[in-house]
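**Student:** One structure, pasted below without further comment.
The values are calculated or read from the model by the stated rules, or taken from the named source; none is laboratory data. Not measured: the values here are computed from a predicted model. In this analysis, Cβ positions are derived from the backbone assuming ideal geometry, glycine residues included, and neighbour counts consider all displayed protein chains.
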Amino acid sequence: MDVIDLRSDTVSHPTPKMREAMANAVVGDDVYGDDPTVNQLEADAAEMLGMEAAMFVTSGTQGNLCALLAHCQRGEEIIIGDKSHIFRYEQGGMAQLGGIIPHTVPVQADGTLRLEDIGDAIRTENEHYPITRLVALENTHNMAGGVPISVDYINSVAELVHAYDLILHIDGARIFNASTAYSIDIADMLQNVDSVTFCLSKGLCAPAGSILAGSADFIRRARRARKALGGSMRQAGILAAAGLVALHDMSKRLNEDHENAQLLAEGLSEIPDIMVKSQHTNFVFLTIKETAKVSPDELIQRLRDEHNILMSGYQSKNNHVRLVTHYWINREAVEKVISAINTVLS
Ligand SMILES: *Cc1c(COP(=O)(O)O)cnc(C)c1O
């Protein structure tokens, strides 16, 4: 029996079209700039995002770190959400390797940072202070439950940030989920943004790789950072070939994942012992009520052992259970999951 894996969209694997493209990819040594498939991916991504240039990196973490190393000097500060992936889950790479200081402000329930908090965090000229260089947003916001942030909000932050001559970076690991949720062209969403990273893996199904995009001068500096981080690859066209399918095909079908997440939330909300805490884009968060005859841990274990269904538990956060939809979760799988959870809980 096939496993239905809803732990994350990171578990998605390459589509048949990707595997075929990978097998047939024309490659060269990308460190010489000779890999035509990598070059095409970078050119296509830049064009699609409305940026001057783009660079293929090994992961989202590497893309964000290259961006911060290229934008900031040692002793400079960035303003960033306290629940952001860059601050929480990237090991403080900016500080370890770049001497860059994270100045956190609270992430609101809708994934945004209050303009007032950003304004208060911007340093004035004073020799006691580090120099503020950059503001980073996250879209969709992972810890806020996959919530997409709007172009109007992004533009209002950009206006503030640019009024102080600062840089606006977006960690857009799932930015195509955001542009899909708002039915907006990705380049329009990023019109006033200086740099962005997004993952070709996750919902876009590539086996590895992310894109960092921005001005040509910025990408030149980011390439130096990537080299120092050990991220220059040789015949990376094998991976970029899957990335091209991710960029051109998979970015256009994410509404299916969002619809499936919505169906999942609707179906599960009818089960008495479940409270659907939130559903945004492809993320569904549940709380299992105290009255349920199994604990969240038991529910997760029994779904795994008896139904081949995998989900993530977050006991520290009021017994939350997380389900994430992706290309390999179709409507039939959604129905199986609802009925299996019903069986275990009734
Ligand atoms: C996944 C993710 C990243 C990058 O993670 P990698 O595992 O390094 O690719 C960055 N930001 C957010 C919000 C993410 O969800």
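**Student:** Here is a check on your reading of the model: is Phe87 within 16 Å of the ligand (Cβ to nearest atom), of a type in the set (A, V, I, L, M, F, W, C) and not in a helix (DSSP H, G or I)?
**Tutor:** Here the answer is no, as Phe87 does not meet what is asked.
**Student:** So, in region 92-111, exactly how many residues are part of a loop (DSSP other than H, G, I, E, B) and over 30 Å from Ser150 (Cβ atoms)?
**Tutor:** Qualifying residue count for the region: 1.
**Student:** Separate question: Please go through region 198-247 and pick out each residue that is under 28 Å from Ile167 (Cα atoms), within 18 Å of the chain's Cα centre (by Cα) and surrounded by fewer than 21 Cβ atoms within 10 Å (Cβ to Cβ).
**Tutor:** Ala208
**Student:** Just need a number here: residues in region 289-325 that are of a type in the set (D, E, K, R) and in a helix (DSSP H, G or I).
**Tutor:** Residues meeting the conditions: 6.
**Student:** Show the residue pairs meeting these rules: Cβ distance below 9 Å; 6+ apart or different chains; first residue within region 300-315 and free of Cβ contacts under 8 Å to residues at least 60 places away in the same chain and assigned by TED's automatic domain parsing to the domain that holds Thr287; second residue surrounded by fewer than 17 Cβ atoms within 10 Å (Cβ to Cβ) and part of a strand (DSSP E or B).
**Tutor:** From region 300-315, the pairs are Ile300/Leu310; Ile300/Ser312; Leu303/Leu310; Arg304/Leu310.
**Student:** If we keep just the residues of region 36-53 that are aliphatic (A, V, I, L, M) and crowded, with 19+ Cβ neighbours inside 10 Å, which is farthest from Gly172 (Cα to Cα)?
**Tutor:** The extreme case among them is Val38.
**Student:** Now for a different question. Report, by residue number, each residue of region 44-61 that is farther than 13 Å from Ala241 by Cα and either away from the ligand (no atom under 16 Å from the Cβ) or among the aliphatic types (A, V, I, L, M) (or both).
**Tutor:** Across region 44-61, the qualifying residues are Ala46, Glu47, Met48, Leu49, Gly50, Met51, Glu52, Ala53, Ala54, Met55, Val57.
**Student:** Now, a different point. Would you mind stating whether His13 is in a loop (DSSP other than H, G, I, E, B) and either touching a residue at least 12 places away in the same chain (Cβ under 8 Å) or touching a His at 6+ places or on another chain (Cβ under 8 Å) (or both)?
**Tutor:** Criteria met by His13.
**Student:** Going by the structure shown, is Leu286 crowded, with 21+ Cβ neighbours inside 10 Å, in contact with a Phe, Trp or Tyr (Cβ under 9 Å, 6 or more places away or on another chain) and in a strand (DSSP E or B)?
**Tutor:** In short, no.
Every residue, every condition in (1) closer than 25 Å to Ile211 by Cα; (2) among the charged types (D, E, K, R), yes or no:
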| site | (1), (2) |
| --- | --- |
| Asn64 | yes, no |
| Leu69 | yes, no |
| Glu76 | yes, yes |
| Ile86 | yes, no |
| Met94 | yes, no |
| Gly119 | no, no |
| Glu125 | no, yes |
| Arg133 | yes, yes |
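**Student:** Just checking, how many residues over region 71-83 are out of contact with any Ser or Thr (no Cβ under 8 Å at 6 or more places or on another chain) and surrounded by 21 or more Cβ atoms within 10 Å (Cβ to Cβ)?
**Tutor:** Number of matching residues: 1.
**Student:** Select the helices (runs of 4 or more DSSP H) contained entirely in region 117-218, then report the ones holding at least 2 residues which are within 16 Å of the ligand (Cβ to nearest atom) and either touching a residue at least 12 places away in the same chain (Cβ under 8 Å) or among the polar types (S, T, N, Q) (or both).
**Tutor:** Counting at least 2 such residues, we get 175-181.
**Student:** Right, here's the next one. Kindly indicate whether Ile79 is in the same structural domain as Arg226 (by TED's automatic domain parsing), in a helix (DSSP H, G or I), touching a strand residue (DSSP E or B) at 6+ places or on another chain (Cβ under 9 Å) and not hydroxyl-bearing (Ser, Thr, Tyr).
**Tutor:** Taking the combined requirement at face value, the residue does not satisfy it.
**Student:** Related question: Residue by residue through region 219-232, note down the ones that are within 10 Å of Gln62 (Cα to Cα) and in a loop (DSSP other than H, G, I, E, B).
**Tutor:** Correct list: Leu229, Gly230, Gly231.
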